[in-house]
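In what follows, a single structure is set out as structure tokens and then discussed.
Just so it is clear, none of the values below were taken in a lab; they were calculated from the coordinates. Here the structure is a predicted model, which is why all the values come from computation and not from measurement. Glycine also receives a Cβ, built like all others from the backbone with ideal geometry; neighbour counts cover every protein chain displayed.
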Amino acid sequence: MSATHLKVLFEQAVPPDRLLLDERTLAAYARDMTEHPPGRPDIVIQLTTFDEAKAVVGIARDNGIPLIPRVAGTNLGGLSLAPRGGAILDLTGWKKIININEVDMIAIIEPGVTFRQLVDVLQHKAPPLTIGIPLSPPHTSIMANCLLDGLGNRSLVHGAMGQWITGLEVILASGQVVRTGAFALSDVPFSRSPLPDLTGLFVSWQGTTGLVSKMAVELKPRLPLRKQVFILTYDRHATYELMRRLARQNLFDDIAGLSWPTGKMLYGVAKPLWKDPDEPEFFTYIDMSGSSEAELQVKETAVCRAIDTLKKEQDAAIEDPLDLRTLCAVAPEFETFAEFPTDLDFLTKTPGGGLSWVGTYGPMSRFDMAADEGIGIMARHGFPPVIVSRPMKGGHFGVLRFIETFNREDAAEVENVRQCNRALTDMVLDHGFIPYKTPAWSVDRLLGRMHPGTHALMRQIHHVLDPTSIMNPGHWRLDVEEPK
Ligand SMILES: Cc1cc2nc3c(=O)[nH]c(=O)nc-3n(C[C@H](O)[C@H](O)[C@H](O)COP(=O)(O)OP(=O)(O)OC[C@H]3O[C@@H](n4cnc5c(N)ncnc54)[C@H](O)[C@@H]3O)c2cc1C
């Protein structure tokens with residue numbers, strides 16, 4: 001369809017100054033930070049209201065135009081590119097915080113609301129409240145993170161962010177609008193229980209089942225005192241054992257293990273491939289909060305006790321915890337981890353501009369094996385072993401991520417990232433981990449192992465919700481021939 005025709009069509013729904021068709025803009029939206037092949041949209045539509053969104057979906061349905069929702073485009077799975085052309089829906093300007101219900105601890109927000117925006121508003125609330133905040137840049141979308149079932153700095157206790165959603169309002173491909181959770185029945189969207197859990201039809205589906213227009217999401221109390229400690233460890237297996245033991249104590253807000261290259265990258269080393277044997281293997285940070293100094297003291301003592309026990313039992317090489325404030329006095333670079341949301345510039349602002357990962361959720365019992373093998377794979381491909389691991393949901397599972405930075409303009413390096421990610425994906429699948437924010441190429445590898453009934457049901461559901469495949473097509477293999 002010609003640019004003029006697209007413009008004429010969508011002008012019925014959105015003012016012309018928010019319909020972007022110039023080559024430069026389309027080229028900018030065609031790429032993200034990753035190694036995924038570019039996908040150039042035919043038009044970018046900047047949406048700001050529900051009425052505009054509903055009208056745009058109707059026009060797209062009648063004309064078979066793919067719709068790709070996008071806020072910051074930082075999902076790292078190529079999920080907001082337009083491999084089949086169509087319209088990228090830029091949702092950054094559709095960003096009202098509709099309601100913050102302080103008593104029931106729920107926020108109702110529009111798609112473009114960012115972590116920075118909500119955290120700033122919550123700062124002034126009494127009683128103090130917070131949302132789970134990821135390590136993603138501050139301008140990223142809360143709704144996108146929840147819909148992708150991502151994780152944040154409260155996922156240790158409260159699980160993946162999809163679980164925080166209490167209700168959704170969704171525009172389906174047909175133009176029908178639905179509400180899920182208590183949102184369907186009550187003016188306080190307090191929970192997904194006790195109705196049939198239709199919210200699941202839109203979580204981790206990567207925008208293929210509908211355009212979400214409102215989300216009700218849980219907020220959590222923010223206790224007045226906070227302490228963060230860093231622990232330097234010299235033994236990966238002891239690090240993971242410590243994380244497993246601390247996770248089940250139900251005392252901490254967040255625990256994360258960052259492998260040694262992250263420390264060097266914080267100091268500006270772009271590609272650290274060599275570790276001094278005397279350097280720590282992992283930096284583990286623990287975030288804790290409390291209502292009194294005494295409560296914080298109990299929590300810190302629990303950390304020290306766990307370290308002492310592990311040292312005695314396994315002769316583990318682990319140092320005593322360092323207060324982040326003390327650490328920052330000698331190493332200000334670690335300030336990056338002091339407040340969330342934060343900008344991990346050492347990952348996002350590298351000279352080559354490329355960033356990719358294989359991010360997975362999986363059993364913590366297998367962190368050690370998967371990390372060992374992942375480090376081997378990364379070394380074979382010439383990448384520093386950048387690993388981030390965090391226990392989630394009280395230690396029932398955790399996130400294990402292998403991260404690469406690279407030069408996006410160097411075709412050989414891009415191909416190397418592809419090969420490395422494929423090898424990492426096969427390896428983590430062997431260990432029972434499941435990639436999240438799953439890129440299209442990764443889905444093929446998953447499907448070879450997934451229960452066939454599961455994917456068949458996904459395809460049936462998708463066919464009901466989006467029979468002509470206009471909603472972010474090309475993902476989850478929902479609209480292509482049945483895999484063999
Ligand atoms: C340095 C770095 C660190 C990161 N750390 C974390 C982390 O700690 N935890 C984590 O979970 N993630 C992390 N991420 C990934 C990502 O940044 C987050 O998931 C972020 O919240 C995604 O927001 P976005 O605005 O970039 O979404 P986008 O990439 O713009 O959108 C993602 C996808 O969500 C879907 N979508 C968006 N809006 C809608 C809607 N209204 N209706 C239907 N579908 C929709 C679409 O399929 C879209 O393609 C990190 C990324 C980077 C670069």
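Brief remarks on what is shown
- Check: the chain dipole with +1 on Lys, Arg Cβ and -1 on Asp, Glu Cβ, in debye: 780
- Semi-axis lengths, Å, segment 225-435, gyration tensor of Cα atoms, sqrt of 5 times eigenvalues: 29, 20, 15
- About its Cα centre, the dipole of segment 225-435 is roughly 500 debye, where the only charges are +1 on Lys and Arg Cβ and -1 on Asp and Glu Cβ.
- Hydrodynamic radius (Kirkwood) for the chain, which is based on Cα pairs only, to one decimal in Å: 23.4
- Potential lengthening between Lys220 and Ala3 on full extension [0.36 nm per residue; Cα-Cα distance subtracted]: 73.5 nm
- Cβ-Cβ FRET estimate between Tyr267 and Asp368, R0 fixed at 22 Å, reported to 0.05: 0.20
- C-alpha long axis of helix 367-380 to longest principal axis of the chain, angle in °: 80
- Using θ = phi - 60° and Karplus 6.51 cos²θ - 1.76 cosθ + 1.60, couplings along segment 165-177 (whole Hz; Gly, Pro as x): 6, 9, x, 10, 10, 10, 9, 7, 4, 6, x, 5, 10
- Helix 50-63 and the longest principal axis of the C-alpha atoms of the chain enclose an angle of approximately 60°.
- Distance between the pseudo-spin-label points of Ser292 and Glu409 (7 Å out from Cα toward the beta carbon): 6.0 nm.
- Simple rule: put +1 on each Lys or Arg Cβ and -1 on each Asp or Glu Cβ in the chain, find the dipole, and look at Phe337, Thr425, Pro83; the Cα lying farthest toward the positive end is Pro83.
- Here the label points at Arg459 and Trp441, each 7 Å from Cα along the C-beta direction, are separated by 2.4 nm in the simple model.
- Electrostatic dipole magnitude of segment 3-90 [Cβ: Lys, Arg +1; Asp, Glu -1; Cα centre; debye, to 20]: 160
- Candidate cross-link partners of Lys95 among the aspartates and glutamates, defined by an alpha-carbon separation under 13 Å and a same-chain spacing of 8 or more, comprise Glu110.
- Mean separation of Cα contacts under 8 Å, 6 or more apart, over the residue count of the chain: relative contact order %: 16
- Between Arg40 and Asp62, the FRET efficiency estimated from the beta carbon spacing at R0 = 22 angstrom works out to 0.45.
- Part-to-part distance (alpha-carbon centres) for segment 175-245 and segment 265-289, which is given in Å: 29
- Average 1/r across all pairs of distinct alpha carbons in segment 142-272, invert it, and you get the Kirkwood radius: 17.6 Å.
- Segment 219-280: translational diffusion in µm²/s, Stokes-Einstein, Kirkwood Rh over Cα pairs, 20 °C, 1.002 mPa s: 152
- Relative intensity, log₁₀ I(q)/I(0), of segment 325-484 from a Debye sum that treats every alpha carbon as a point, q = 0.11, 0.12, 0.17, 0.18 Å⁻¹: -0.58, -0.68, -1.15, -1.21
- Cα→Cβ-extended label distance, 7 Å offset, between Asn250 and Ala184, nm: 3.2
- Taking 0.36 nm per residue of separation and subtracting the Cα-Cα distance, full extension of the segment from Ala379 to Ile434 would add 17.6 nm.
- Centre-to-centre, using Cα atoms only, segment 27-47 and segment 48-102 are separated by 13 Å.
- Of Lys7/Lys54; Lys96/Lys125; Lys54/Lys214; Lys54/Lys437; Lys264/Lys312; Lys54/Lys220, those spanning more than 21 Å from alpha-carbon to alpha-carbon: Lys54/Lys437; Lys264/Lys312; Lys54/Lys220
- Nearest-ten-degree value, helix 411-430 long axis tilted from longest Cα axis of the chain: 70
- Gain upon complete extension [Gln419, Asp308; 0.36 nm per residue less C-alpha separation]: 35.8 nm
- Charge dipole of the chain about the Cα centre (unit charges at C-beta), most positive-ward option of Leu478, Ser389, Tyr240: Leu478
- When you count the other C-beta atoms within 10 angstrom of each residue and take the mean per peptide, 424-433, 118-127 line up highest first as 424-433, 118-127.
- When Cys420, Cys146, Cys328, Cys304 are arranged by Cβ crowding within 10 Å, least crowded first, meaning fewest neighbours, the order is Cys304, Cys328, Cys420, Cys146.
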